[in-house]
Amino acid sequence: MNQTIAQNLRVLAIVPAYNEEITIQSVVQEIVDKVPGIVVCVVNDGSYDNTADVAKKSGAVVISHPFNMGIGAAVQTGFIYAIRNNFDVAVQVDADGQHDPSFIMKMVSDLTQMNADVVSGSRFIKKGGYKSSFLRRIGIVIFEIINRLVVGQKITDSTSGFRAFSKRAIVFLADKYPEDYPEPEVLIILKKNGYKVIEIPVEMRNRQGGQSSIKGYKSLHYMAKVILAILMQSVKREAK
Amino acid sequence: MKQIQIIAFLAALTMFVCILELIRRRKLKERFALLWLIAAIILIIFSLWGRLLEILAKIMGIYYPPLVLIPIIIVIAVVLFIYFSIIVSDQSEKIKTLAQKIALLEEEIKRDKNPN
């Protein structure tokens, strides 16, 4: 297994961040330490804490939205930045420290070697590493079935936000990026438009700070909305 | 003309004139006003042509003609609301694009000012 990134491949890490001043520094530094030559772009999505300053001091490029627009818009801004600055690969990494940057090399090398457009890190391919509640597991199985039907490919972790994108995919997504529940929808629109999607196993850590935005009864609400978004996405007409 | 007809006509006419006046004062853009004008014209027609309600009531199988107004008003309201939702969606997309451009340009300007 070749784990070095081909030389002269310009890789950008896109880190969407909303009020993540506690974790952003260690996230940026860990990415820089573990992936030589990578540029980290923190998209500060209208935070009202010190996320932007902390990220800047940690050595990241910081792009600050004038107000909060949601994670979809933040990642899209990262893609536009990647195009304007000629990057070949973009890796989306969460700002809360859940994603272990040691997997980035593997994701990028798989992307180039398997000629894929998206390499999505999945918590669920291998057993272990990720503990979840019974309800959560039911949700995951339901998602898997829906994805099977809609995407036409087995996707074990469609809500993963740990992904590497090829240049082709970056150009496509910079133009149209789903807004509300972007992670599952991105896979659908990419597959629909003939892009190659693969999943590789990753381990995710417990978040270092902040809280999941989704918990309790909200998770049911979240699931219903995501399922609606996925189904709608699958029948949407192509945007001009 | 019956009393109610006169009142209805005056009300609809007032609406029509108000919309025109809003356009004249540039408070309302023409393309948004068009649907409101059409709504006002429909109301004017109904107020002047009393028999129209009875004809429609017969076609729709409604025994009490004034009730015809209810579905008509609901349809007009729903069309307007959907139309405005479409406009809001379009504008939120444009605002997003603008905000992203500003954020990217701001980063470029700062980089030009103090290159490391």
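Some points to look at:
Conditions (1) farther than 20 Å from A:Gly46 by Cα; (2) within 14 Å of chain A (Cβ to nearest Cβ); (3) free of Cβ contacts under 8 Å to residues at least 40 places away in the same chain; (4) of a type outside the set (S, T, N, Q), marked per residue:
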site	(1), (2), (3), (4)
B:Leu43	yes, no, yes, yes
B:Lys58	yes, no, yes, yes
B:Tyr63	yes, no, yes, yes
B:Ile73	yes, no, yes, yes
B:Tyr83	yes, no, no, yes
B:Ile87	yes, no, no, yes
B:Lys96	no, yes, yes, yes
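- Candidates are the residues of segment A:169-186 that are surrounded by fewer than 22 Cβ atoms within 10 Å (Cβ to Cβ) and of a type in the set (Asp, Glu); the one that is farthest from B:Thr97 (Cα to Cα) is A:Glu183.
- Scan of segment B:95-116 for residues that are exposed (fewer than 10 other Cβ atoms within 10 Å of the Cβ) and not hydrophobic (A, V, I, L, M, F, W, C), ordered by number: B:Asp112, B:Lys113, B:Asn114, B:Pro115, B:Asn116
- Residues considered: A:Ile142, A:Ile189. Of these, the only one that is more than 26 Å from A:Ala17 (Cβ to Cβ) and either in contact with a helix residue (DSSP H, G or I) (Cβ under 9 Å, 6 or more places away or on another chain) or acidic (Asp, Glu) (or both) is A:Ile142.
- Screening the candidates A:Asp88, A:Asp100, A:Asp49, A:Asp96 for the property of being in contact (Cβ under 8 Å) with a residue 24 or more places away in the chain, away from chain B (no Cβ under 14 Å) and either among the basic types (Lys, Arg) or closer than 19 Å to A:Ala174 by Cα (or both) yields one hit, A:Asp88.
- The selection criterion, being among the aliphatic types (A, V, I, L, M), surrounded by 17 or more Cβ atoms within 10 Å (Cβ to Cβ), in a helix (DSSP H, G or I) and out of contact with any Pro (no Cβ under 6 Å at 6 or more places or on another chain), holds for A:Ile189.
Laboratory data are not the source of any read-out in this text; all were calculated from the coordinates shown. Remember, it's a predicted structure, so these values are computed and weren't measured experimentally. A quick note on method: Cβ atoms are made from the backbone with ideal geometry, for glycine too, and the neighbour counts reach across all protein chains shown.
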